[in-house]
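> Got a structure here, written out as C-alpha cells. Questions coming.
The values are calculated or read from the model by the stated rules, or taken from the named source; none is laboratory data. Not measured: the values here are computed from a predicted model. Here Cβ is always computed from backbone atoms with ideal geometry, including for glycine, and neighbour counts include all displayed protein chains. Just so you know, the surface numbers come from the protein's heavy atoms only, side chains and all, with ligands and any DNA or RNA stripped out. Shrake-Rupley method; radii C 1.70, N 1.55, O 1.52, S 1.80 Å.
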Amino acid sequence: GDPIAILEQTDFSVAWPVTESWRFVGRSYYSLKENKSIETFAGLEYESCCYAVRFLHRRYIRDLTGDVNRAFMIQLELTGLTSIGNRIDELLADDILGYDSRR
C-alpha cells in the first residue's frame with residue numbers, strides 16, 4: 001500500500017475585533033519539517049457604514065527555490081460601489097477560515 005503522508009505544518013489565523021470599527025487580521029503558515037515560515041501576514045482593517053480601509057503586510061515564499069517576497073498592501077472599498085487597490089478582502093477570505101468582510 002501507499003505510505004501515509006504526514007503533514008508537518010502549522011497554520012494559525014485570526015480576525016480579532018479591536019473596537020467596533022477596527023479589526024486585527026493575521027495568519028502564520030509554518031513548516032515544522034523545514035523550520036521556516038511559508039507565509040505570514042498581519043494587518044488592520046477599518047469598516048464603517050460607507051467604506052472600508054485595509055492595510056496588510058505579507059511575507060511569503062514565492063517559488064520552489066525558497067525566494068521570499070514581501071508586500072505592503074492597501075485597499076479602499078466604497079460600500080456598494082467599488083474597490084481601489086489590492087484585493088485584500090479576497091486574500092483574507094481565502095486564508096482565514098470564517099472571515100467575512102461584511103461583519
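> Explain nothing, just the number: dipole magnitude of the chain about its Cα centre with +1 on each Lys and Arg Cβ and -1 on each Asp and Glu Cβ, in debye rounded to the nearest 20.
For this selection, approximately 320 debye.
> Which of 62, 27, 87 moves most in a GNM of the chain, Cα contacts under 10 Å?
Greatest mean-square fluctuation among the candidates belongs to 62.
> Taking a probe of 1.4 Å, how large is the accessible area per residue of the chain, in Å²?
Ligands and nucleic acids excluded, the figure is 69 Å² per residue.
> Let me ask another. Scan segment 1-97 for GluC sites (Glu not before Pro) in coil per DSSP, keeping those whose Cβ has at most 13 other Cβ atoms within 10 Å, and list them by number.
Within segment 1-97, the qualifying GluC sites (Glu not before Pro) (loop, at most 13 other Cβ atoms within 10 Å) are 8, 20, 34.
> Ignoring ligands, DNA and RNA, what percent of the 1.4 Å accessible area of the chain is carbon and sulfur?
57 percent
> Still on this structure, please answer the following. Cut-off 10 angstrom, C-alpha nodes, Gaussian network model of the chain. Which of 79, 40, 19 fluctuates the most?
19
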